[in-house]
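One structure is given here, and the rest of the page talks about it.
The values are calculated or read from the model by the stated rules, or taken from the named source; none is laboratory data. These numbers come from a predicted model, not from an experiment. Counting neighbours? That spans all protein chains shown, and the Cβs are built from the backbone with ideal geometry, glycine included. Accessible surface areas use protein heavy atoms only, side chains included; no ligands, DNA or RNA. Shrake-Rupley method; radii C 1.70, N 1.55, O 1.52, S 1.80 Å.
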Amino acid sequence: MQKFTTLTGIAAPMPLVNIDTDMIIPKQFLKTIQRSGLGKNLFDEMRYTLEGEEIPEFVLNQPAYRSAEIIVAGDNFGCGSSREHAPWALLDFGIRCVVSTSFADIFFNNCFKNGILPIVLPQEQIDVLMADARKGANARMTVDLEAQTITTSDGESFGFEIDPHRKHCLLNGLDDIGLTLEKASSISSFEAKNAALRPWA
Amino acid sequence: MSAPRTLYDKIWDDHVVHQADDGTCLLYIDRHLVHEVTSPQAFEGLRMTGRQVRAPEKTIAVPDHNVPTTLDRENAATMTEDSRIQVAALDKNAKDFGINYYPVSDVRQGIVHIVGPEQGWTLPGMTVVCGDSHTATHGAFGSLAHGIGTSEVEHVLATQTLIQRKAKNMKVEITGSLRPGVTAKDITLSVIGATGTAGGTGYVIEYCGQAIRELSMEGRMTVCNMAIEGGARAGLIAPDEKTFAYCMGRPHAPKGAKWEAAVAYWQTLFSDEGAHWDKVVTLKGEDIAPVVTWGTSPEDVLPITGVVPSPSDFTGGKVEAAQRSLDYMGLTPGQKLTDIKIDTVFIGSCTNGRIEDLRAAAAILKGKKIKDGMRAMVVPGSGLVRAQAEEEGLAQIFIDAGFEWRLAGCSMCLAMNPDQLQPGERCAATSNRNFEGRQGRGGRTHLVSPGMAAAAAITGHLTDVRELMVENA
């Protein structure tokens, strides 16, 4: 997994609430057996016409936001399915950070497994960040994971909360499975105890 | 004496393998369900690192998301090349890693959340995960069940555990009894309508109250299935005699002395008097009407007797979202919901693809025909549901009414297989999501119960099922 330390980049404003995983990556692109290559279909039905032409009004098609690395979004971003194709598509496009008032649980988890940082902030601060994102390509925000801050192009800075374990894994690009397998003996002793207590399981 | 605990607390406590100082837990997973769409990258990860599946006997795979449901599906030409590759990959992964498997050719094949309970893999007090958000379904048995992403699928395959932080406890109580024509689907949609799609975020919901106790296991599965649409990590219902009766004799349920021991343990699985709830929502069962969704979020719920709302009825970001929904759905504020014309009806999915759902729809359709020009299909949740419906004569009722009688799969719920809406087509669906493009790009979805779907198929517009119940009585 790619480390996440600091990021300075363009933020795309997406104020719509309840942006769901079907919007982020429609199901016809879930038939891949790989993780890569989904960026071109990120937000496919909002981004392209039925004929495959770009829809110029869509934010990521606008010249200022074509290389955005941050999304500032409306409430409940990533609701819907468990498809990890959603963060894979975001990452493949180049998005490393999404900021919203709230995220759906599974999407939120999936981000951390892919080096993407989801940041939860209160509405008033999202409003400030959304206004900053609307300024376009010259307004670059900075995210500092170590310091747990996000800073607008005007230098206004907000702190954010993050689970310490997840922060550690993101900062160091750590693989969860490797960490868990270090506890293999705990898993074995749980299994032994469980076989006696709940033999039907 | 220990402090009173909720059902969620009890299941959680019995599955903690390790707790770190910061509260992060390693949770043991009793059952891991796997399907073809969210698993290929996970198995590939195992191969690349030379890891094995830690507990293949607790891992169950079935292809469901993109298998065709037409009767000629054994003919490989009915599948697109990429779908065929995904199903072939699951065939190979199941064989290579020695996990339990129900291939397309097996009569027990079906939607993973219907197969798990049907085969007795899902039992009370277990932890159940699957790379699919509707894993919440299994909570109907009082098992802690939730969806996970593909990285977590790989984590569970390799370690039989999941890294988790505990969610908060939310109680949703449905008091009293439901009125005639009102179903489990109306309960679960009404709860989402009341709490919003993010109302359950950060919580595990326990559904309780008389109306929940009075539901069959099928109905309880419908309620828990959509906990995720309310944002909750999982939905739970405490097991009772109905739960035990459903589980008894299932192929993978315990037998003999093990059964007795299991029931004794299961009887301890309830929320203690005085347990702490972080959030409580109460609805009166008798206040719940047959409902329908008008927009593109499952929270856009109204009684069928209502009218299409106006964006000005909402506040904040929902104003813009409501306008976008109305434009997408092609609806006008003030329009009666029963005036909305329907051209497609879909009965099936992990929400409403069980035998009881087919019975409810067939009861409305018996002796009737669907509207001219209507496209209607029934996709049973599993091969065994399909066989039972044929035995009970339900299949013939559907066929006589003009429905297509399909083979088992997820089908038009997420439209990954060829069962899709065309742009502008409008569907009354018993599935769980009305998102833009969910059933096909430009397709318009109204979520309803099976009886309401059957009623719409007959009349050609959204219809209050209670009117047709009077006719059939």
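In region B:369-473, the portion of solvent-accessible area held by carbon and sulfur atoms comes to 49 percent [1.4 Å probe, whole percent, DNA, RNA and ligands not counted].
With both labels modelled 7 Å from their Cα along Cα-to-Cβ, the A:Glu124 to A:Ser188 distance reads 5.5 nm.
Apply 1/(1 + (r/R0)^6) to the Cβ-Cβ distance of B:Ala264 and B:Ala194, taking R0 = 35 Å, and write down the FRET efficiency to the nearest 0.05.
Rounded to the nearest 0.05, the efficiency is 0.40.
Annotation: for a label point projected 7 angstrom from Cα along Cα→Cβ of B:Arg84, residues of region B:51-71 with backbone N closer than 19 Å are B:63-71. Under the combined filter of DSSP loop state and at most 14 neighbouring Cβ atoms within 10 Å, region B:53-90 retains these GluC sites (Glu not before Pro): B:Glu74. Within the straight-line cut-off of under 18 Å between alpha carbons, the aspartates and glutamates reachable from B:Lys92 are B:Glu36, B:Glu44, B:Glu57, B:Asp64, B:Glu74, B:Glu81, B:Asp82, B:Asp106, B:Glu154, sequence neighbours fewer than 8 places apart in one chain being disregarded.
Provide the buried accessible surface between chains A and B in square angstrom, both chains summed, 1.4 Å probe, rounded to the nearest 100.
5500 Å²
A straight line joining the Cα centroids of region B:45-82 and region B:361-437 runs 24 Å. A Förster radius of 30 Å combined with the Cβ-Cβ distance from B:Ser216 to B:Val16 puts the calculated FRET efficiency at roughly 0.40.
Inter-chain neighbour count for B:429-441: the average number of beta-carbon atoms from partner chains within 10 Å of each residue's beta-carbon is 4.
Each of B:Asp327 and B:Thr305 was given a label point 7 Å from its Cα along the Cα-to-Cβ line. The distance between the two points is 3.4 nm.
Seen through its C-alpha gyration tensor, with square-root eigenvalues sorted a ≥ b ≥ c, region A:124-190 comes out prolate because a/c lies at 1.5 or above while a/b is bigger than b/c.
Based on C-alpha pairs under 8 angstrom that are at least 6 apart in sequence, chain B has a relative contact order of 17 percent. Counting 0.36 nm for each residue step from A:Ser36 to A:Arg66 and taking away their Cα separation leaves a gain of 8.9 nm.
Over the protein assembly as shown, give the accessible area per residue in Å² for a 1.4 Å probe, as an integer.
34 Å²
For B:Asp72 and B:Asp91, calculate 0.36 nm times their separation in residues minus their Cα-Cα distance, and state this gained length in nm to one decimal.
Once the chain is fully extended between B:Asp72 and B:Asp91, it gains 4.9 nm.
Once the Cβ-Cβ distance of B:Lys279 and B:Ala245 is raised to the sixth power relative to R0 = 25 Å, the FRET efficiency obtained is 0.20. Packing, taken as the mean count of other beta carbons within 10 Å per residue, orders the peptides B:36-44, B:411-419, B:242-250, B:212-220 from highest to lowest as B:411-419, B:36-44, B:212-220, B:242-250.
The mean sequence separation of alpha-carbon pairs under 8 Å and at least six residues apart, normalised by the residue count of chain A, gives a relative contact order of 26 percent. Each other residue within a Cβ distance under 13 Å of B:Asp82 adds +1 if Lys or Arg and -1 if Asp or Glu, for a net charge of +1.
For the peptide A:68-80, the mean number of other protein chain Cβ atoms found within 10 angstrom of a residue's Cβ is 4.
Enumerate the lysines that A:Lys113 could reach by cross-link, defined here as Cα to Cα under 20 Å, with residues fewer than 8 away along the same chain left out. Result set, ordered by chain and number: A:Lys3, A:Lys167, A:Lys183, B:Lys166. When the solvent-accessible area of region A:6-197 is split by element, carbon and sulfur atoms take up 52 percent of it, the probe being 1.4 Å. When the GluC sites (Glu not before Pro) in region A:141-201 are filtered for DSSP coil states and for at most 15 other beta-carbon atoms within 10 Å of their beta-carbon, the remaining sites are A:Glu146, A:Glu156, A:Glu161, A:Glu182. The local environment of B:Thr183, defined by Cβ-Cβ distances under 11 Å, has a net charge of -2 under the rule Lys, Arg +1 and Asp, Glu -1. When the helices of the protein assembly as shown are scored as -39500 (n - 2.57) per DSSP H run of n ≥ 4 and the total is divided over every residue, the value at 222 nm lands at -9000 deg cm²/dmol.
So, with a 1.4 angstrom probe, what is the percent of accessible area on region B:189-342 that is carbon and sulfur? Ligands and nucleic acids excluded, carbon and sulfur give 55 percent. With a simple spin-label model that places each label point 7 Å from the Cα along the Cα-to-Cβ direction, the separation between B:Ser2 and B:Val319 comes to 5.1 nm.
Between the helical axis of A:184-197 and the longest alpha-carbon principal axis of chain A there is an angle of about 60 degrees.
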